[in-house]
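What follows draws every value from the coordinates through simple rules; no lab data is involved. What you are looking at is a predicted structure, and each value in this text was computed from that prediction instead of being measured. Note that we place each Cβ from the backbone using ideal geometry, even for glycine, and neighbour counts take in every protein chain shown.
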Amino acid sequence: MTEDTISSLINPPPRMLGWVALALRVVLAGLFVLAGALKLLDPAAFALEINRYQLIPWWSCALLALLLPWLEILVGIALLTRWFSRGALAWVTALLIVFSLALLSATLRGLNIDCGCFGRVWQSTGTFWPLLRNLLLLGMTVFLWWKPRRH
């Protein structure tokens, strides 16, 4: 490797960082919009999935099943369109942390449940792989928080 190649890997050009950030925003936004939309198809089933985590009372599960999909869709759209972009990124980060903690709790307690992340479309994912996926997604948000903004 030449010195220029090593330097470009350590300090990538701002244009490349911009493209990486855009790709990450599109992936995160797309996943949140998709997850929210799929949960809207059957809110009762989503409430049951939330209840299987055994973390909150049933009435809270039902309320979350009605509100959470809309929040995911709105946050995804805001992240994609850069409308309230820092706020949207804060919501995405917070939601991923909460989802990850719920998955970790279920995993540690040995609950044999579906994550409920994408409604009834993708089932039998358990909690371990979705937890790893969420950690990867959190890494993406860290990059988006870290990436210097254009002036």
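By the beta-carbon count within 10 Å of each Cβ, the least crowded to most crowded order of V92, V33, fewest first, is V33, V92. Apply the Debye scattering formula to region 26-138, with a single equal point scatterer on each alpha-carbon and no solvent, then give log10 I(q)/I(0) at q = 0.23 Å⁻¹. The calculated log intensity ratios at q = 0.23 Å⁻¹ are -1.39. Arranged from fewest to most other beta-carbon atoms within 10 Å of their beta carbon, M16, M140 become M16, M140. Here, region 40-85 has an Rg and a Dmax of 12.7, 35 Å when only alpha carbons are counted. Seen from C61, the other residues with C-beta closer than 12 Å to its C-beta sum to a net charge of 0, counting Lys and Arg as +1 and Asp and Glu as -1. Extension gain for A45 to I77 (0.36 nm times residue separation, less C-alpha to C-alpha distance): 9.1 nm.
Computed over region 17-146, relative contact order equals 31 percent, with contacts defined as Cα pairs under 8 Å that lie 6+ residues apart. Rounded to the nearest 500, the 222 nm mean residue ellipticity of the chain from helices alone is -25000 deg cm²/dmol, with -39,500 (n - 2.57) taken per DSSP H run of at least 4 residues.
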